[in-house]
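Taking it in order: structure first as structure tokens, then the write-up.
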Amino acid sequence: MKKAKTILAGVAIAALTSCGALGTSGSGSGVGDILGSVLGAVTNGQTIGNVLSSVIGLDKPSQADLIGTWKYRQPGVAFTSENLLAKAGGEVAATTAKEKLSTYYSSLGISSSNTYLQFTQDGQFAGKVDGKTISGTYTYDPDKCLITMKTLLFSMPAYAKKTTGGMSILFESKKLLTVLQAVSAISGNQTLSTIGDLSKNYDGIRLGFDMTR
């Protein structure tokens with residue numbers, strides 16, 4: 001484990017020095033603060049576990065795994081690349097994104113009591129987001145972990161990912177915005193605009209919902 005921590009810490013340093021400290025520029029003290037955060041995160045045992053299991057496609061759900069009702073548990077964030085630099089340095093960015101999403105979801109009223117998805121064997125799905133009903137049909141590509149959900153109003157490409165607590169349903173940020181805008185009818189809401197900005201700051205991640213049965 002010590003060796004793994006050392007390797008990940010080294011990778012984090014390399015990521016910072018090669019890509020501008022996760023996109024932050026400015027004084028040396030700012031870089032030092034970010035470096036300290038990265039080193040603290042990648043040498044934490046729980047985060048190391050996250051780093052090794054936070055990639056879409058690493059453990060692919062089957063269609064049978066999707067069947068059932070999934071209730072919102074917390075914001076979901078996962079990487080799109082298995083590149084070790086993205087996993088080590090990006091875990092800090094993903095944790096920050098999850099914290100911000102938690103605040104935004106709360107402001108929109110999203111909770112475990114009003115947000116869920118149900119998938120059936122015959123290709124139908126139904127559910128609620130913030131208490132607003134959605135339903136339609138879906139197809140699933142297990143090789144890409146891609147769920148394509150179609151409603152009368154819009155199509156939602158989403159990614160499925162197994163988690164220790166259940167399943168993550170994740171979107172590209174623009175598609176997540178589409179879902180939230182459609183169900184909330186507040187497309188000008190500043191919260192939704194801010195969610196869109198997350199993708200500009202955190203490349204290579206998908207955003208959405210961690211769900212449990």
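The values are calculated or read from the model by the stated rules, or taken from the named source; none is laboratory data. Given the structure is predicted, the values throughout are model-derived calculations rather than measurements. With ideal geometry, Cβ positions are generated from the backbone for all residues, glycine too; neighbour counts draw on all protein chains shown. The area values use the complete protein model at the heavy-atom level, side chains included, leaving out ligands, DNA and RNA. Shrake-Rupley method; radii C 1.70, N 1.55, O 1.52, S 1.80 Å.
Output the residues belonging to the range 54-66 that are exposed (fewer than 14 other Cβ atoms within 10 Å of the Cβ) and in contact (Cβ under 8 Å) with a residue 12 or more places away in the chain.
Matches in the range 54-66: Asp59, Ser62.
The rows are residues; the columns are (1) among the charged types (D, E, K, R); (2) not in a strand (DSSP E or B).
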position: Ser112; (1), (2): no, yes
position: Lys128; (1), (2): yes, no
position: Ile147; (1), (2): no, no
position: Ala160; (1), (2): no, no
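Restricting to the range 145-156, and then to whatever is at pLDDT below 95 and in contact with a strand residue (DSSP E or B) (Cβ under 8 Å, 6 or more places away or on another chain), can you tell me which residue is least open to solvent (accessible area, probe 1.4 Å)? Don't jump to the end; show me each part of the working.
First, pick out the residues of the range 145-156 that are at pLDDT below 95: 151-156.
In the following step, the residues that additionally are in contact with a strand residue (DSSP E or B) (Cβ under 8 Å, 6 or more places away or on another chain) were identified as 151-152, 155-156.
Details: Thr151: 33, Leu152: 181, Ser155: 49, Met156: 6 Å².
Filtering first and then ranking leaves Met156.
Tell me the residue from Gly68, Gly76, Gly127, Gly136 that is touching a Gly at 6+ places or on another chain (Cβ under 8 Å) and either at pLDDT 90 or above or not acidic (Asp, Glu) (or both), please. If you could, list the steps in order and put the result at the bottom.
Values: Gly68 fails: touching a Gly at 6+ places or on another chain (Cβ under 8 Å); Gly127 fails: touching a Gly at 6+ places or on another chain (Cβ under 8 Å); Gly136 fails: touching a Gly at 6+ places or on another chain (Cβ under 8 Å).
Result: Gly76 is the single residue among Gly68, Gly76, Gly127, Gly136 that is touching a Gly at 6+ places or on another chain (Cβ under 8 Å) and either at pLDDT 90 or above or not acidic (Asp, Glu) (or both).
In the range 109-125, which residue that is touching a Lys or Arg at 6+ places or on another chain (Cβ under 7 Å) and open to solvent by 10 Å² or more (accessible area, probe 1.4 Å) is nearest to Trp70 (Cα to Cα)? Walk me through how you get there before you give the answer.
The initial filter retains those residues of the range 109-125 that are touching a Lys or Arg at 6+ places or on another chain (Cβ under 7 Å), namely 112, 114-116.
Add one more test, that the residue is open to solvent by 10 Å² or more (accessible area, probe 1.4 Å), and what stays is 112, 114, 116.
Values: Ser112: 10, Asn114: 12, Tyr116: 5 Å.
Among those residues, the one meeting the criterion is Tyr116.
Between Ser102, Ser54, which is at pLDDT below 80, in contact with a strand residue (DSSP E or B) (Cβ under 6 Å, 6 or more places away or on another chain) and within 18 Å of Met211 (Cβ to Cβ)?
Being at pLDDT below 80, in contact with a strand residue (DSSP E or B) (Cβ under 6 Å, 6 or more places away or on another chain) and within 18 Å of Met211 (Cβ to Cβ) holds for just one of Ser102, Ser54, which is Ser54.
Between a first residue in the range 93-116 that is over 23 Å from Ser54 (Cα atoms) and without any contact (Cβ under 8 Å) to a residue 12 or more places away in the chain and a second residue that is not aliphatic (A, V, I, L, M) and not in a loop (DSSP other than H, G, I, E, B), which pairs have beta carbons less than 9 Å apart while being 6 or more apart in sequence or on different chains?
The qualifying pairs are Ser113/Lys71; Ser113/Tyr72.
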